[in-house]
């Protein structure tokens with residue numbers, strides 16, 4: 001993390017508790033930092049903005065992760081509504097705008113009008129670090145929902161990307177019987193090297209009845225009707241994938257399969273740690289763009 005950067009005026013818009021803690025962390029580092037659209041949160045020590053006028057003097061604008069919800073900025077802690085146009089017409093084109101999971105159409109629109117819009121979720125350091133609270137949150141959910149201890153559980157992790165790999169390690173450390181599904185031969189080699197069992201993702205239906213809990217990390221339909229029918233009715237499915245998810249949710253409901261779509265776990269269960277991860281990534285980006 002870059003620590004010797006000049007003091008800046010940060011304006012944050014919307015987001016969940018991650019952005020609230022991020023505002024406080026930036027202020028603790030000596031920056032000016034305030035947030036608009038978080039009036040529903042506990043905000044001790046955090047400067048709240050009543051309108052968007054502060055954008056006119058911002059050195060950097062920080063937007064939520066994910067950027068949008070229902071076509072407007074993602075602001076679950078506020079009744080207020082903000083669009084990208086509301087922001088762009090109030091800031092100078094030279095001011096960097098950082099957000100998470102930015103649609104390409106939004107990035108193209110901003111670029112067309114001369115603005116620098118940067119997706120901090122695409123940064124490798126954030127993606128790797130963010131996988132840790134996601135994995136720990138998934139374990140916590142499973143502990144709450146399962147009638148057995150995780151140390152007795154047979155678990156399947158679907159996907160062996162950053163989140164899948166870290167989750168497999170956490171589950172193994174808790175004593176789980178860990179199987180990982182993947183598509184690539186290189187992934188199979190790593191999975192085996194770590195001491196886990198592996199199956200092809202396309203063959204989940206052949207093994208589904210073996211598991212007490214299935215964690216999906218793939219943002220594409222992998223748990224379709226065939227795979228869901230293979231699961232025991234007491235099997236818990238925790239989908240960690242971003243929209244559109246990896247589960248046929250309608251079919252799961254009809255079959256009586258318990259599915260939890262655990263979106264934005266870091267923001268819900270470990271917002272302070274997640275705020276630190278975003279802060280560090282923001283500092284790195286600002287250092288790189290000068």
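Quick look at the numbers
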read-out: Approximate spin-label separation residue 185-residue 232, in nm, with each point projected 7 Å along Cα-to-Cβ; value: 3.5 nm
read-out: Kirkwood-based shape ratio for region 131-267, expressed as Rg/Rh from alpha carbons; value: 0.92
read-out: Separation in nanometres of the label points that stand 7 Å from Cα toward Cβ, at residue 125 and residue 250; value: 4.4 nm
read-out: Directionally averaged shadow of the chain, computed from the convex hull of its alpha-carbon atoms, nm²; value: 16.1 nm²
read-out: Spatial separation of Cα centroids for region 55-78 and region 107-186, in angstrom; value: 24 Å
read-out: Considering only the chain, percent of DSSP beta bridges that pair antiparallel, nearest 5; value: 5 percent
read-out: Length released on extending from residue 260 to residue 56, taking residue separation times 0.36 nm less the Cα-Cα span; value: 69.3 nm
read-out: Listed residues 130, 74, 57, most fluctuating in the chain (Gaussian network, C-alpha, under 10 Å); value: 57
read-out: Cα-only Debye scattering, region 7-108: base-10 log of I(q)/I(0) at q = 0.20, 0.23 Å⁻¹; value: -0.98, -1.31
read-out: Proxy reagent accessibility, fewest Cβ within 10 Å first, across 177, 108, 234; value: 108, 234, 177
read-out: Span from the region 232-290 Cα centroid across to the region 23-46 one, whole angstrom; value: 24 Å
read-out: Estimated FRET transfer efficiency (residue 152, residue 192; beta-carbon r; R0 22 Å; 0.05); value: 0.40
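Every read-out reported here was derived from the displayed coordinates using simple, explicitly stated rules and does not represent laboratory data. Model, not experiment: these values are computed from the prediction. All Cβ positions, glycine included, derive from the backbone under ideal geometry; neighbour counts span all protein chains shown.
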